[in-house]
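Student: One structure, as structure tokens, below. Some questions next.
Only the coordinates and a few stated rules stand behind these numbers; no lab work does. Remember, predicted model here, so these are calculated numbers, not experimental data. Because the Cβ atoms are built from the backbone with ideal geometry, glycine has one as well, and the counts that use them run over all protein chains shown.
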Amino acid sequence: MASSLTRNCSRFSKAISVRFMSNLPENTVYGGPKPQNPNQRVTLTHLRQKHRKGEPITVVTAYDYPSAVHLDTAGIDVCLVGDSASMVVHGHDTTLPISLDEMLVHCRAVARGAKRPLLVGDLPFGTYESSSSQAVDTAVRVLKEGGMDAIKLEGGSASRITAAKAIVEAGIAVIGHVGLTPQAISVLGGFRPQGRNIASAVKVVETAMALQEAGCFSVVLECVPPPVAAAATSALKIPTIGIGAGPFCSGQVLVYHDLLGMMQHPHHAKVTPKFCKQYANVGEVINKALMEYKEEVSKKVFPGPSHSPYKITASELDGFLTELQKLGFDKAASAAASAAENMEPSE
Amino acid sequence: MAASLVRSCSRASKAITTVRFMSNVPENTVYGGPKSQNPNQRVTLTQLRQKHRKGEPITMVTAYDYPSAVHIDTAGIDVCLVGDSAAMVVHGYDTTLPISLEEMLVHCRAVARGAKRPLLVGDLPFGTYESSTNQAVDTAVRVLKEGGMDAIKLEGGSASRITAAKSIVEAGIAVMGHVGLTPQAISVLGGFRPQGKNITSAVKVVETAMALQEAGCFSVVLECVPPPVAAAATSALNIPTIGIGAGPFCSGQVLVYHDLLGMMQHPHHAKVTPKFCKQYAQVGEVINKALLEYKEEVSKHLFPGPSHSPYKIASSDLDGFLSELQKLGLDKAASAAAASAEKMEPSDSSSSQ
């Protein structure tokens, strides 16, 4: 009795560490074992501390599980699920076409992969501009269904500031975004840097401050001259995150594909922004790998024995050959027999 | 009159050649790139048939978005498969089951935008074609109509599945079959387990492949079966077989993009990379190194340097800006702006980033 109780206890504790899907051994679980530490996530507090100490905050965009894992592994502070997905993932010319449902799919995939960075989801074009209640509803979905920790929205018009305030009051942390706001290229006349004249420069600073007043915990400054970014950063208590805004911001953000040199095609090399440093040429690495795969398959070099791991025992093989012949597939039987011989020095 | 006609004509011909409709997006920011005028560059079933006839192996790789599609196009791969493996490698699920048709269509569209030359095949995801032939045809139609694909792939070889394949072909949609390990069926298979390892299973692989050919499939994927079984099926069929984990005797090969590139370097993922997959690069390591370097340069205030801070404000505007800031009582901000302008001054002299 005692021994069976002990057995039950140890079986029970083993069951706790086991997977619920009995047909999936743990080593095929693509997502990996779940860590038990809920306190590893970067929070607003951590960002505030970095800002206070003058330590630059790092932000990179991600759009799917692998990129999220990469950002997590590299220790990036903030992972932004950007509506830039519209361009770099979906191949559109602007950020406008992506829908909220598509953004939520990206958010969920990223949430599955990045367990440590703060997760921020962009509100896509058309989902928050018509009213404050629309803005709050969208922001709620991004957290509830997208699994994000905070949202980012673009712009500094009065209605936008009001929307930001309403979202903060709904309990959702907001990052503002001023300067070049890609969703507004229609009125901006293209992807054009902002803050290059007095009025525009003052507006950048004023709108950033209004967004702070509304409760934003940070503001992205995009494509403005460095002195303008410096002014805004100095005027604000909250951190600024720059992109194409020079070195005087509290942190920096870059688009994943741009920073990695993902697209090597000459056309894409042209549209890579000039403020973005390529830290790798992943596109070239990918191209080389695909060409090699193509060559090896074409020359029948791949798969070799080391990549043809599945075996059939000799007795089963014989039975198989017999069955094939019964079915009249003599040619197939010979093919199978010579294949088996070819694979023999299986090393 | 004549002069203005001439001017109109040359303007018209100019308009035809530099065609952008969205006036607020200059061509050099068009991420998608100029559209090529050559409609005959797409790989078709005819070309695959020719390769098969000549004994030239067919190459196939999966893609799930615009960049991967462009890469596959650029490398000259024959067939680009938008696989439901997206559920695992893009969305991070443990199996291919959770992905929906809507999500697959988004992947298909993104790939269609990027790959103009390879034949485009879209997977029918789990749950969208098994309950009836009608359902199968409707799903296949959406994959072509809304997803922009050229053909579809479906898994399995049961009688109902063969019937469904036949109906889809009759609807005018090219079908690639898939036998052996069919990942959508891990529930009955008991996991991701190789098939065809005993007589019954091996014979079934050959028979179902032939039934799919009979139903009108233009090709059949053989997944995770012993090479002799794949050789038998390949020999018995008139249509090409595309192998994965099925040895070297198939008419072509397919691999998952992320696996072939070594995209995931985390020790856990290194464990779940299939053993039949050769890693032709270590992209995950390259990415990790790049991100760490970015993080270091940002943390040390090295990035962005002058060469990556291209936007300028004219000094007259800068002065006006400083005055305005002071008027608003933002003296500290004005000093910060002035100091930064001085720092940026030797604008691109020495150190390149």
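Student: Can you list residues from other chains, or at least 5 along the same chain, whose modelled amide H is less than 5 Å from the amide H of A:F302?
Tutor: A:V297
Student: Helix A:65-74 against the longest principal axis of chain A: what's the angle in degrees, Cα atoms only, rounded to the nearest 10?
Tutor: Helix A:65-74 sits roughly 70 degrees off the main axis of chain A.
Student: What relative contact order, as a whole-number percentage, does region B:171-314 give when Cα pairs under 8 Å and 6 or more residues apart are counted?
Tutor: Relative CO of region B:171-314 lands at 16 percent.
Student: Would you calculate a helix-derived [θ] at 222 nm for the protein assembly as shown, using -39,500 (n - 2.57) for each DSSP H run of n ≥ 4 and dividing by the full residue count, to the nearest 500?
Tutor: Computed mean residue ellipticity for the protein assembly as shown: -14000 deg cm²/dmol.
Student: List, in order, the whole-Hz ³J(HN,Hα) value for each residue of region B:98-104 obtained from phi through the Karplus relation with A = 6.51, B = -1.76, C = 1.60 and θ = phi - 60°; use x for Gly and Pro.
Tutor: Each residue of region B:98-104 in turn: x, 6, 9, 5, 4, 5, 4 Hz.
Student: What residues qualify as long-range amide H neighbours of A:K152, i.e. H under 5 Å apart, gap of 5 or more or another chain, H built at 1.01 Å from N?
Tutor: Under 5 Å from the amide H of A:K152: A:G121, A:D122, A:L123, A:I175.
Student: Using the alpha-carbon atoms, what tilt in degrees (0 to 90, nearest 10) does helix A:2-16 show relative to the longest principal axis of chain A?
Tutor: Helix A:2-16 sits at roughly 60 degrees to that axis.
Student: Of the DSSP beta bridges with both residues in the protein assembly as shown, give the percent that are antiparallel, rounding to the nearest 5.
Tutor: For the protein assembly as shown, the DSSP antiparallel bridge percentage is about 0.
Student: Can you give me the relative contact order of chain A as a percent, contacts being Cα pairs under 8 Å and 6 or more apart?
Tutor: 11 percent
Student: Also, I was wondering about something else. Among B:K312/B:K343; B:K51/B:K197; A:K53/B:K295, which pairs are too far apart, with a Cα-Cα distance over 21 Å?
Tutor: B:K51/B:K197
Student: Take every DSSP beta bridge whose two residues both sit in region A:128-281, then give the antiparallel share in percent to the nearest 5.
Tutor: The antiparallel fraction comes to roughly 0 percent.
Student: Specify the inter-centroid distance of region A:76-137 and region A:282-347, based on alpha-carbon positions, in whole Å.
Tutor: 44 Å
Student: Taking square-rooted eigenvalues a ≥ b ≥ c of the alpha carbon gyration tensor, is the protein assembly as shown rounded, prolate or oblate, where a/c under 1.5 means rounded and, failing that, a/b exceeding b/c means prolate?
Tutor: Note, shape of the protein assembly as shown comes out prolate.
Student: Separate question: Amide H neighbours of A:V220 under 5 Å, counting only residues 5+ apart in sequence or on other chains, H built in-plane at 1.01 Å?
Tutor: The answer is A:G176, A:H177, A:V178, A:I241.
Student: Taking each residue of A:327-333 in turn, how many C-beta atoms of other protein chains fall within 10 Å of its C-beta, and what is the average?
Tutor: For this peptide, the per-residue mean of nearby foreign Cβ atoms is 5.
Student: Enter the mean number of other protein chain beta carbons within 10 Å of the beta carbon of each residue in A:239-245, as an integer.
Tutor: So the per-residue partner count for this stretch is 2.
Student: Where does helix A:330-343 land angle-wise versus the long Cα axis of chain A, in degrees 0 to 90, nearest 10?
Tutor: 70 degrees
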